[in-house]
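Report on one structure; see the data block that follows.
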Amino acid sequence: MSNPKYITAEEAVKHIQSGHRVFLHGSAATPAYLIKAMQQRHAELKNVELVSITTLGDVDFNHPSWSNSFFFNSLFVSANTRGVVNSVNGDYVPVFLSQIPKLFREGFLPLDVAMVQVSPPDAHGFCSLGTSVDIARAAVDTAKHVIAQVNPYMPRTHGDGFIHISKLDSLVWHSSVLPEVDYSAKISSAMITIGEHIASLVEDGATLQLGIGGIPDQVLKNLGNHKNLGLHTEMLSDGVIPLMESGVINNSMKKINRGKSVTSFMIGTRRLYDFVNDNPAIRVMDIAYANDTSVIRQNQKVTAINSAIELDLTGQVCADSMGTYQYSGIGGQMDFIHGASLSPGGKPIIALPSVTSKGISRIVPFLKEGAGVVTTRGHIHWVVTEYGKVNLFGKSFKQRANALISLAHPNHREELARACFERFKA
């Protein structure tokens, strides 16, 4: 193929006009270099709507001088967008992660411009969306203009992320290391114990889905003696590497994608990004596929491990907000909780420390006013804290309340028992 024509970031972002809706590639693939070039044009831009899921890296969306230029309409809130999303200059769209591509493909959120980060083209002219195929595949397919930051540090991943260079309208070469996240420094004794409890629920031959953070990594550390595990998840982190290298995760028992680990995006350290580079054992897929309940349920013993901010005594799970403050998003929790419940021998698990860092109980009589219910009490099954594990499926309100009280921190059990009696007279 002929040499591609690269332009500067300043030239590329001139395609963004006032009133445009602009997609930003997310997670480790966040194109910070392009975003900063766009933000430099703030004085000449008005009412540009930005849409994205989690964004990482050295980017600031909260500068007061951008208030008339950019509006951040988040599909999943992250640390560097919480401020703007919870202000007059932002908002949040509650949506299952699996259905975000539908917003783009069916015209609910038509995209004028997509800004993505890709690997350099191979000998056949194909770039890769690398660490984050997720909703970016649909964005690239549907946006009127695609601006690509071409980065030699972006791994070339197998799956749905290949894009021929002819489909990329503007190319900007920029070499920079990807943002890294290491959860090992944030591990508490409660997380270690929770990891042990969850690992005891994982059967040989199970297919795993793990969310993000310290608890999933602690679970993985306790699975070294398991056999023939599979992986079908929305995201990967470093914790899976030892189990894949040792053959514990070999995907040999899966009904679909046998022999392949399936994910949609990854967040971790350079070790993870190097591990997935050109690795045919890992398929990085469109989130509409990876998180499709009808796909998830086809594998056996799907064990889905997800987290919560708080949980009420009837089993309602708030995982995305602190009262009315939007902290994260619905994400893929319900996709996998429901998918696992339909899988033969599946186990949907909600895991959370019993208290916050300030000692406030996460198991509560009622969710905070304005809190969002991500997993309903009709979908919940297993709940795990450092004090044990219970299965709420088939249990009544009174039975659930008593089971959950047994998982609460001892300092809060009397208060919860009193609330249980006042509500249920039992």
**Prompt:** Of all the residues that make up region 122-150, how many are buried (at least 23 other Cβ atoms within 10 Å of the Cβ) and of a type outside the set (A, V, I, L, M)?
**Reply:** 8
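Residues that are outside the structural domain of residue 390 (by TED's automatic domain parsing): list the helices (runs of 4 or more DSSP H) wholly contained in region 162-269 that include at least 1 such residues. Show your work before the answer.
Values: elements: 189-199, 214-221, 240-246.
Output list is empty.
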**Asked** Here are some conditions: (1) closer than 20 Å to residue 192 by Cα; (2) at pLDDT below 95. Residue 348 meets all but one. Which one does it not meet?
**Response** (2)
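Scan region 93-117 for residues that are out of contact with any Lys or Arg (no Cβ under 8 Å at 6 or more places or on another chain) and more than 24 Å from residue 335 (Cα to Cα) and report the count. If you could, list the steps in order and put the result at the bottom.
Filtering region 93-117 down to residues out of contact with any Lys or Arg (no Cβ under 8 Å at 6 or more places or on another chain) leaves 93-100, 102-107, 114-117.
Next, from what is left, pick out any that are more than 24 Å from residue 335 (Cα to Cα): 114-117.
Number of matching residues: 4.
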**Request:** Output the number of the condition that residue 393 fails; it satisfies all remaining conditions of (1) surrounded by fewer than 20 Cβ atoms within 10 Å (Cβ to Cβ); (2) of a type outside the set (A, V, I, L, M); (3) closer than 23 Å to residue 196 by Cα; (4) in contact with a Leu (Cβ under 9 Å, 6 or more places away or on another chain).
**Result:** (4)
**Prompt:** Going through region 64-116 one residue at a time, which ones are closer than 19 Å to residue 143 by Cα and either among the charged types (D, E, K, R) or at pLDDT below 95 (or both)?
**Reply:** 102, 105, 106, 112
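Of the residues in region 322-375, how many are over 24 Å from residue 219 (Cβ atoms) and either of a type in the set (S, T, N, Q) or in contact (Cβ under 8 Å) with a residue 40 or more places away in the chain (or both)?
Initial filter on region 322-375 (over 24 Å from residue 219 (Cβ atoms)): 322-326, 358-360, 364-373.
Next cut, either of a type in the set (S, T, N, Q) or in contact (Cβ under 8 Å) with a residue 40 or more places away in the chain (or both) only: 322-326, 359, 364-373.
Result for region 322-375: 16.
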**Message:** For region 71-128, give me the residue count where each residue is among the charged types (D, E, K, R) and touching a residue at least 60 places away in the same chain (Cβ under 8 Å).
**Reply:** 3
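The values are calculated or read from the model by the stated rules, or taken from the named source; none is laboratory data. If you're wondering where the values come from, they're calculated on a predicted model, not measured in any experiment. Reconstructed Cβ throughout: ideal geometry from the backbone, glycine too, with neighbour counts over all protein chains shown.
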